[in-house]
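Novice: This is the structure I have questions about; it appears just below.
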Amino acid sequence: GNSVTQMEGPVTLSEEAFLTINCTYTATGYPSLFWYVQYPGEGLQLLLKATKADDKGSNKGFEATYRKETTSFHLEKGSVQVSDSAVYFCALGNTGANSKLTFGKGITLSVRP
Amino acid sequence: DVKVTQSSRYLVKRTGEKVFLECVQDMDHENMFWYRQDPGLGLRLIYFSYDVKMKEKGDIPEGYSVSREKKERFSLILESASTNQTSMYLCAYGTSGEETQYFGPGTRLLVL
């Protein structure tokens, strides 16, 4: 079945550091891939998505590229801010019609001033 | 912006109580989902629904049931709450044919 593996956390960075959060997946077909972010005390928000191989999703300075050959969708940001402190979830969609998502376990990012 | 609201942000219940968690979306979206979120386990799907009066089990339906009498409202029911159901519960909606889901703020439930 479908699965998502995220790198182990938590991750602590200094402000303006470069961020990479790894995500790999196992799936049949060509699923859509997502990154969601959860700020403290809130629900999940869609951060970015990509629907086919080599697509790049981007939002708020974050980017991720759908790499079919390595089954990966790593999240990157060139210069993190304290306000980026949150939990980040990678997810993949089903290629069937039922719109279910499979989530990774999430990783907590803390950015210190 | 479409909004999804959950009836409570925090809830404290006793073991054995029947618990209702309500989720309401303010548009005509077909798909609705209930997840629980636990540290180290990520999000796990409890139940979902693609239309009024229909429901399907997710990955961890045991101990839960759902109700969808109106399109905008999807209720999660804990028939007899237990301490291992202490968790954060997240509701989400989506549009038919689209995989993107949009989440409510969550309900943090503590069962004593």
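The values are calculated or read from the model by the stated rules, or taken from the named source; none is laboratory data. Here the structure is a predicted model, which is why all the values come from computation and not from measurement. Backbone-built Cβ (ideal geometry, glycine too); neighbour counts: all protein chains shown.
Novice: Please find, within segment B:1-16, the residue that is nearest to residue B:78 (Cα to Cα) out of those that are loosely packed, with under 14 Cβ neighbours inside 10 Å and not polar (S, T, N, Q).
Specialist: Filtering segment B:1-16 for residues that are loosely packed, with under 14 Cβ neighbours inside 10 Å and not polar (S, T, N, Q), the one nearest to residue B:78 (Cα to Cα) comes out as B:16.
The rows are residues; the columns are (1) basic (Lys, Arg); (2) in contact with a Lys or Arg (Cβ under 9 Å, 6 or more places away or on another chain); (3) more than 16 Å from residue B:104 (Cα to Cα).
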| site | (1), (2), (3) |
| --- | --- |
| B:34 | no, no, no |
| B:38 | no, yes, yes |
| B:41 | no, yes, yes |
| B:47 | no, yes, no |
| B:50 | no, no, yes |
| B:57 | yes, no, yes |
| B:61 | no, no, yes |
| B:72 | no, no, no |
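Novice: Within segment B:87-104, count every residue that is within 7 Å of another protein chain (Cβ to nearest Cβ) and among the β-branched types (Val, Ile, Thr).
Specialist: 1
Novice: Could you give me the residue pairs with C-beta distances under 8 Å whose first residue belongs to segment B:1-12 and is part of a strand (DSSP E or B), whose second residue is modelled with pLDDT under 90 wherever it lies, and which are 6+ apart or on separate chains?
Specialist: Here the result reads B:4/B:26; B:5/B:26, each pair linking segment B:1-12 to a residue that is modelled with pLDDT under 90.
Novice: Within segment A:37-48, is there a residue that is within 14 Å of another protein chain (Cβ to nearest Cβ) and among the small types (Gly, Ala, Ser)? Steps first, answer last, please.
Specialist: Initially, segment A:37-48 is screened for residues within 14 Å of another protein chain (Cβ to nearest Cβ), giving A:37-48.
This time we only want the ones that are among the small types (Gly, Ala, Ser), so: A:41, A:43.
Taking every residue of segment A:37-48 in turn, at least one turns out to be within 14 Å of another protein chain (Cβ to nearest Cβ) and among the small types (Gly, Ala, Ser).
Novice: Go through (1) surrounded by 20 or more Cβ atoms within 10 Å (Cβ to Cβ); (2) outside any strand (DSSP E or B); (3) away from chain A (no Cβ under 14 Å); (4) not basic (Lys, Arg) and name the single condition residue B:76 misses.
Specialist: The number of the failed condition is (2).
Novice: Any chance you could count how many residues in segment B:79-107 are in a loop (DSSP other than H, G, I, E, B) and not polar (S, T, N, Q)? Even if it seems obvious, please write down each step before you answer.
Specialist: At the first step, the residues of segment B:79-107 found to be in a loop (DSSP other than H, G, I, E, B) are B:79-82, B:86, B:95-101, B:104-106.
Narrowing further to those that are not polar (S, T, N, Q): B:79, B:81, B:97-99, B:104-106.
Qualifying residue count, segment B:79-107: 8.
Novice: A further question follows. So which of A:106, A:96, A:78, A:57 is surrounded by fewer than 14 Cβ atoms within 10 Å (Cβ to Cβ) and either at pLDDT 95 or above or under 23 Å from residue B:9 (Cβ atoms) (or both)?
Specialist: Values: A:106 fails: surrounded by fewer than 14 Cβ atoms within 10 Å (Cβ to Cβ); A:96 fails: either at pLDDT 95 or above or under 23 Å from residue B:9 (Cβ atoms) (or both); A:57 fails: surrounded by fewer than 14 Cβ atoms within 10 Å (Cβ to Cβ).
When all the criteria are applied, what remains is A:78.
Novice: Among the residues of segment A:24-33, is there at least one that is within 23 Å of residue B:35 (Cα to Cα) and surrounded by fewer than 15 Cβ atoms within 10 Å (Cβ to Cβ)?
Specialist: So the first thing to find is which residues in segment A:24-33 are within 23 Å of residue B:35 (Cα to Cα), and the list is A:24-27, A:31-33.
With the extra rule that they be surrounded by fewer than 15 Cβ atoms within 10 Å (Cβ to Cβ), the set shrinks to A:26.
Within segment A:24-33, one or more residues are within 23 Å of residue B:35 (Cα to Cα) and surrounded by fewer than 15 Cβ atoms within 10 Å (Cβ to Cβ).
Novice: Filter segment A:49-65 for residues that are away from chain B (no Cβ under 14 Å) and among the acidic types (Asp, Glu); which is farthest from residue A:81 (Cα to Cα)? Steps first, answer last, please.
Specialist: Looking only at segment A:49-65, we keep the residues that are away from chain B (no Cβ under 14 Å), and these are A:53-54, A:56, A:58, A:60-65.
Those still in the list that are among the acidic types (Asp, Glu) too: A:54, A:63.
Details: A:54: 27, A:63: 15 Å.
Top of the filtered list is A:54.
Novice: Related question: Return the only residue of B:28, B:51 being in a loop (DSSP other than H, G, I, E, B), more than 10 Å from chain A (Cβ to nearest Cβ), surrounded by fewer than 12 Cβ atoms within 10 Å (Cβ to Cβ) and not β-branched (Val, Ile, Thr).
Specialist: B:28
Novice: Also, I was wondering about something else. Going through segment B:34-48 one residue at a time, which ones are more than 18 Å from residue A:37 (Cα to Cα) and within 11 Å of chain A (Cβ to nearest Cβ)?
Specialist: Just the residues of segment B:34-48 that are more than 18 Å from residue A:37 (Cα to Cα), to begin with: B:46-48.
Within segment B:34-48, B:48 is the sole residue that qualifies.
Novice: Also, quick follow-up: Which condition breaks for residue B:65 when tested against (1) of a type in the set (Gly, Ala, Ser); (2) surrounded by fewer than 16 Cβ atoms within 10 Å (Cβ to Cβ); (3) more than 10 Å from chain A (Cβ to nearest Cβ); (4) part of a loop (DSSP other than H, G, I, E, B)?
Specialist: (4)
Novice: Here's another thing I want to ask about it. One residue is enough: does segment A:66-75 have a residue meeting the conditions within 14 Å of chain B (Cβ to nearest Cβ) and in a strand (DSSP E or B)?
Specialist: Within segment A:66-75, none of the residues are within 14 Å of chain B (Cβ to nearest Cβ) and in a strand (DSSP E or B).
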